[in-house]
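First comes the structure, then the notes that go with it.
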Amino acid sequence: MAYQNLISEIKENILYVTINRERALNALNKETLAELADVIAYAGKTEEVRGVILTGAGEKAFVAGADIKEFSDYSGKQGEDLAKLGHDQVFNAIENSPKPFIAAINGFALGGGLELAMACHMRIASDHAKLGLPEVTLGLIPGYGGTQRLTQLVGKGKAIEMITTANMITASVAEKIGLVNYVVPQPDLISKAEEILNAIKQRAPLAVSAAIKAVVSAVNNNNGYATEIEEFGKCFETADFKEGVTAFVEKRKANFSGK
């Protein structure tokens with residue numbers, strides 16, 4: 001897949017996506033968001049892809065925010081449309097993807113960058129990373145799901161504090177409050193993400209997708225219990241369920257086909 005602002009490649013069933021605007025601190029402009037929308041859709045429908053690692057080019061920034069110049073003169077209606085398009089095509093699309101997304105936060109994750117990381121199913125940060133939502137310093141609020149996902153991850157009080165003060169936090173604080181899963185030295189960032197996805201790759205693909213759907217339902221007020229029951233039932237109809245049970249009885253490693 002050839003993009004102007006992204007580098008993407010598949011290795012051993014993992015899709016590596018790097019936002020490649022290092023000089024602009026990997027800021028999200030319209031073209032980058034459009035390319036992200038394309039690669040997210042590709043990951044979801046491509047059987048070869050079992051998981052995605054999303055990161056930024058260089059060691060300074062994951063994504064340092066949105067490209068402010070693009071919307072500096074927007075009207076209220078244009079602002080709403082901008083947020084809705086981003087929600088539908090990128091941020092919600094990541095969260096609702098059947099494939100696990102891991103954000104490898106290699107530096108600053110600010111504004112839309114932190115929102116992008118929070119849309120992923122898991123987050124790993126390098127030990128020098130800093131995270132924050134500075135939108136109120138521009139007279140705005142987070143518009144790509146930040147108010148909702150931060151609250152889900154860290155609780156109402158901490159979310160309001162972070163958003164209204166606009167203060168950045170360190171990676172270690174982010175781990176302490178549950179905003180990131182792990183903090184690792186910069187050289188170990190991608191390998192830690194690979195370690196997690198390599199474990200997931202050993203599991204039944206349809207069951208992994210079903211689990212993601214059920215968990216996302218729980219946090220988005222979509223009757224998570226009903227979703228869990230429905231997805232649990234569907235698993236019984238898969239070849240992977242039969243293979244998993246047979247392998248358990250035969251005391252061998254399961255060979256899942258994703259069917």
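The values are calculated or read from the model by the stated rules, or taken from the named source; none is laboratory data. These figures come from a predicted structure and were not determined experimentally. Cβ coordinates were reconstructed from backbone atoms using ideal geometry, including for glycine residues, and neighbour counts include every protein chain displayed. For accessibility, only protein heavy atoms count, side chains too; no ligands or nucleic acids. Shrake-Rupley method; radii C 1.70, N 1.55, O 1.52, S 1.80 Å.
For region 110-207, the average shadow cast by the Cα convex hull is 6.8 nm², which is a quarter of the hull's surface.
So if we plug the beta-carbon distance of residue 47 and residue 222 into 1/(1 + (r/R0)^6) with R0 = 30 Å, what FRET efficiency do we get, rounded to 0.05?
Numbers: r = 26 Å, r/R0 = 0.87.
E(calc), rounded to 0.05, equals 0.70.
The chain gives an Rg/Rh value of 0.98, both radii derived from C-alpha positions and Rh following Kirkwood.
If R0 is 35 Å, what FRET efficiency do you get for residue 198 and residue 34 from their C-beta distance, rounded to 0.05?
Details: r = 31 Å, r/R0 = 0.87.
Here the calculated transfer efficiency is 0.70.
Calculate what fraction, in whole %, of the accessible area of region 80-195 sits on carbon and sulfur atoms when a 1.4 Å probe is rolled over the protein chains. Percent of accessible area from carbon and sulfur atoms in region 80-195: 56.
Before rounding to the nearest 500, sum -39500 (n - 2.57) across all DSSP H runs of length at least 4 in the chain and divide by the residue total; then give [θ] at 222 nm in deg cm²/dmol. It lands at -13000 deg cm²/dmol.
Ligands, DNA and RNA left out, the accessible area of region 203-250 computed with a 1.4 Å probe is 64% carbon and sulfur.
Label sites at residue 80 and residue 68, each approximated as a point 7 angstrom past Cα along Cα to Cβ, lie 2.5 nm apart.
Excluding same-chain neighbours fewer than eight residues apart, the aspartates and glutamates reachable from residue 176 by a Cα-Cα span under 20 Å are 115, 127, 161, 188. Database remark: amide H of residue 28 closer than 5 angstrom to the amide H of 65, 66, 67 (H placed geometrically; neighbours at sequence offset of 5 or more, or on other chains; Pro and chain starts carry no H). Working ranking of peptides 171-178, 217-224 by packing, defined as the average number of other Cβ atoms within 10 Å per residue, highest first, is 171-178, 217-224. Exposed loop sites here mean chymotrypsin sites (Phe, Trp or Tyr not before Pro) with a DSSP loop assignment and at most 13 other beta-carbon atoms within 10 Å; the chain contains its longest site-free run at 75-235. When Rg and the Kirkwood Rh are both derived from Cα coordinates, the Rg/Rh ratio for region 1-82 amounts to 1.04. Karplus-derived 3J(HN,Hα) values for region 57-74, using 6.51 cos²θ - 1.76 cosθ + 1.60 with θ = phi - 60°, are 6, x, 10, 9, 9, 6, 8, 8, x, 8, 7, 4, 4, 5, 10, 5, 10, 6 Hz; glycine and proline are entered as x.
Going by accessible surface with a 1.4 Å probe and the largest first, 23, 123, 203, 50 read 23, 203, 50, 123.
Could you pull out the pairs from 11/192; 192/242; 234/259; 11/201; 45/99; 99/234 whose alpha carbons sit more than 21 Å apart here?
Working: 11/192 15 Å; 192/242 31 Å; 234/259 12 Å; 11/201 13 Å; 45/99 9 Å; 99/234 17 Å.
Those over the limit are 192/242.
Ranked from highest to lowest mean number of other Cβ atoms within 10 Å per residue, what is the order of the peptides 24-32, 160-168? Could you put the intermediate results ahead of the total?
On the way: 24-32: 20.3, 160-168: 15.4.
Highest-to-lowest ranking by the protection proxy: 24-32, 160-168.
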